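Structure first, then comments.
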Amino acid sequence: MLNGSGTFDAIAARRAFGDALLERFPFHAFVSKTITLAPREGNPPPRLWETPAGLINSIGLPNKGLDGFLALDLPELAELPVPLVVSVMGFSRDELATLVQRVGEREEVGLIEMNVSCPNVETGLVMGADPVETARAVERVRALTDRPLIVKLTPNASDPAAVALAAAGAGADAVSLINTLKGMALDPRTAQPWLGGRTGGVSGPAVRAIALEQVGAVAAAVSIPVIGMGGIASGRHAADFMAAGATCVAVGTESFRDPAAGRRIAGELAEPQPV
Ligand code: SIN
């Protein structure tokens, strides 16, 4: 049981819950919020909109940047009692290479997740929406680290299985999916976009059926491990993703409602599933 990147702030949770968090940590591995090379403020507020069955977020990747992360966040995340996965996003292959190399040099880091949902500034294409772009990104970084590389796939691709195959062929050790689906909400008073970033990413129960289908298609296409996520809120949901071919699962939006959801769902998954 992992967390979806950006859905559980372990540093803030440690401040709120103290060492009790470490004793009852909700996940078996922890995935950091995505970091970029330069610091980012993120999108203007409002950043969240609740839908009847999920959430639209337009956070915009606020983070301290690579140097700030390594100096300030990594030492705190290294105290967690589980392996650490650092999520990175580059706006070019060179940026990605710097991120992967420098993150991979740190012994506190167990694995690296490449979030390829961003537009490549060189081509304008969203890296993860295109198999060729994805393969070129993985090829660029593969030799720079001996850490296992996970590629986080976007569901906003016409053929996620083709992107997964391209990532695997270029040397990815695992793929994770799904990231959020593009969505939008209007302010009922003005009929203008509610979110400061105009559009956002839809997550939660609303996307679970889509995620399950994409996880199944990807798992059928690749022989590397698949980390499945998208609206998982119970052991039954997690079991469905495993049955569809996921090697392990991650909890995202449900952790905002219940910070202990990862632990609860892992416990439910270990029990026989009702039919
Ligand atoms: C965000 O910070 O905007 C979310 C990042 C993501 O969906 O990959």
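The values are calculated or read from the model by the stated rules, or taken from the named source; none is laboratory data. Not measured: the values here are computed from a predicted model. Note: ideal-geometry Cβ built from the backbone for every residue, glycine included; neighbour counts use all protein chains shown. Side chains included, ligands, DNA and RNA excluded: accessible areas come from the protein's heavy atoms. Shrake-Rupley method; radii C 1.70, N 1.55, O 1.52, S 1.80 Å.
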Checklist entry - Any residue in the stretch 251-258 that is touching a residue at least 24 places away in the same chain (Cβ under 8 Å), surrounded by 20 or more Cβ atoms within 10 Å (Cβ to Cβ), on the phi > 0 side of the Ramachandran plot and within 15 Å of the ligand (Cβ to nearest atom)? => result no
Checklist entry - Where in the stretch 1-91 are there helices (runs of 4 or more DSSP H), lying wholly inside it, with at least 2 residues that are closer than 23 Å to Ala260 by Cα and open to solvent by less than 50 Å² (accessible area, probe 1.4 Å)? => result 10-17, 20-23, 74-77
Checklist entry - Right, Ala220: open to solvent by 30 Å² or more (accessible area, probe 1.4 Å), in a loop (DSSP other than H, G, I, E, B), over 20 Å from Gly4 (Cα atoms) and hydrophobic (A, V, I, L, M, F, W, C) or not? => result no
Checklist entry - Is at least one residue of the stretch 192-200 polar (S, T, N, Q), open to solvent by less than 20 Å² (accessible area, probe 1.4 Å) and modelled with pLDDT of 95 or more? => result no
Checklist outcome for this item: Subset of the stretch 231-245, residues in contact (Cβ under 8 Å) with a residue 24 or more places away in the chain and either polar (S, T, N, Q) or open to solvent by 10 Å² or more (accessible area, probe 1.4 Å) (or both), comes to Gly231, Ala233, Ser234, Arg236, His237, Ala239, Asp240, Met242, Ala244, Gly245
Checklist entry - at positive phi and away from the ligand (no atom under 15 Å from the Cβ), is that true of Gly204? => result no
Checklist entry - Residue check: is Met184 touching a residue at least 24 places away in the same chain (Cβ under 8 Å) and more than 19 Å from the chain's Cα centre (by Cα)? => result yes
Checklist entry - Looking at the stretch 68-86, is at least one residue farther than 30 Å from Arg140 by Cβ, within 13 Å of the ligand (Cβ to nearest atom) and at pLDDT 95 or above? => result no
Checklist entry - Considering the stretch 92-129 alone, what residues qualify as being surrounded by fewer than 24 Cβ atoms within 10 Å (Cβ to Cβ), in contact with a helix residue (DSSP H, G or I) (Cβ under 7 Å, 6 or more places away or on another chain) and part of a loop (DSSP other than H, G, I, E, B)? => result Arg106, Glu108, Val109, Ser117, Cys118, Asn120, Thr123, Leu125
Next on the checklist: If a residue must be crowded, with 19+ Cβ neighbours inside 10 Å and outside any helix (DSSP H, G or I), how many such residues does the stretch 146-184 contain?
Outcome noted: 19
